[in-house]
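Encoded as structure tokens, the structure appears first; notes follow it.
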């Protein structure tokens, strides 16, 4: 990202190819099911949110890594088509990340992640000067089975640069435990967990857990509640914001879409409740389509709701 290409929002997370299997049902252990359809998309939590913000009119970029394979080429091509700055996407030897996703008839999903080279981003790989000029750095999870490099780079970035941070830990980081990501939470301006992830991290119900996260240093906590909408608090005000009823096709990327809507409203200076409403709105567009990005709306599509 050169000086002329200063970004509003930069995402830092795994880059994947999503192979979505639409199945009769998601089987339990030792169970069986059958595939009704297969669709291939590019994904990754941070990348999905960044594409959402790009469609909503913000200059957006990504920090990430792909392998030198066709999956990596596909990931980058699709980001370029979405007007996302890819100058901080590193290409390396190895296999690009993949997510194998199973979606049942009700739109519920299960995901198996092959991290590939995603986990190996070092601090020296990152253009820190360019990122420090952005308005928000949005962080999402890495598997960290091959290496902890990418998580350690995220920790160093939040310690080294003075900008706003948003953070969606996902289930992967939540399962690692609070200690592993506490130093990121302490510097986070907008914490964007799902309720199950937050309760797993803090071992309390999401309302009490949100208070604990605020006490750790986060300024805003927006808890995603699926079909119930979201709960948003800044430690003083709190709001229960209902979801928008729509026909659900696929919930893949719903949380990432919510993040895009919430950050859009935040960057536009909207109040806390409105941020939650716009987050729910963008998520409602997403889940009416297959894949994490197919239903992400343009600014024109949501203007009449704002």
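The values are calculated or read from the model by the stated rules, or taken from the named source; none is laboratory data. Predicted model, so just to flag it, every value in this text is computed and none were measured. Positions of Cβ are generated from backbone atoms using ideal geometry, with glycine treated the same way; all protein chains shown enter the neighbour counts.
Within the range 48-71, which residues are without any contact (Cβ under 8 Å) to a residue 40 or more places away in the chain and within 22 Å of residue 116 (Cβ to Cβ)?
68, 69, 70
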So is residue 258 part of a helix (DSSP H, G or I), within 23 Å of residue 11 (Cα to Cα), at pLDDT 95 or above and touching a strand residue (DSSP E or B) at 6+ places or on another chain (Cβ under 8 Å) or not? yes
Flag for residue 199 being part of a helix (DSSP H, G or I), within 25 Å of residue 144 (Cα to Cα) and either more than 15 Å from the chain's Cα centre (by Cα) or modelled with pLDDT under 95 (or both): yes
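Being more than 26 Å from residue 7 (Cβ to Cβ) and part of a strand (DSSP E or B) is the requirement here; does residue 146 meet it?
It is false that residue 146 is more than 26 Å from residue 7 (Cβ to Cβ) and part of a strand (DSSP E or B).
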Answer yes or no: is there a residue in the range 217-232 that is under 23 Å from residue 48 (Cα atoms), touching a strand residue (DSSP E or B) at 6+ places or on another chain (Cβ under 9 Å) and in a helix (DSSP H, G or I). yes
Can you work out which of the residues in the range 269-301 that are touching a helix residue (DSSP H, G or I) at 6+ places or on another chain (Cβ under 6 Å) and in a helix (DSSP H, G or I) is farthest from residue 240 (Cα to Cα)? 286
When the range 126-152 is examined, which residues are found to be buried (at least 17 other Cβ atoms within 10 Å of the Cβ), in contact (Cβ under 8 Å) with a residue 40 or more places away in the chain and either over 17 Å from the mean Cα position of the chain (by Cα) or closer than 17 Å to residue 192 by Cα (or both)? 126, 130, 131, 134, 136, 137, 138, 139, 140, 141, 142
Of (1) assigned to a strand (DSSP E or B); (2) surrounded by fewer than 18 Cβ atoms within 10 Å (Cβ to Cβ); (3) touching a residue at least 24 places away in the same chain (Cβ under 8 Å), residue 112 satisfies all except one. Which? (3)
Which condition does residue 38 not pass, out of (1) farther than 30 Å from residue 133 by Cβ; (2) in a strand (DSSP E or B); (3) in contact (Cβ under 8 Å) with a residue 40 or more places away in the chain, if it passes all the others? (3)
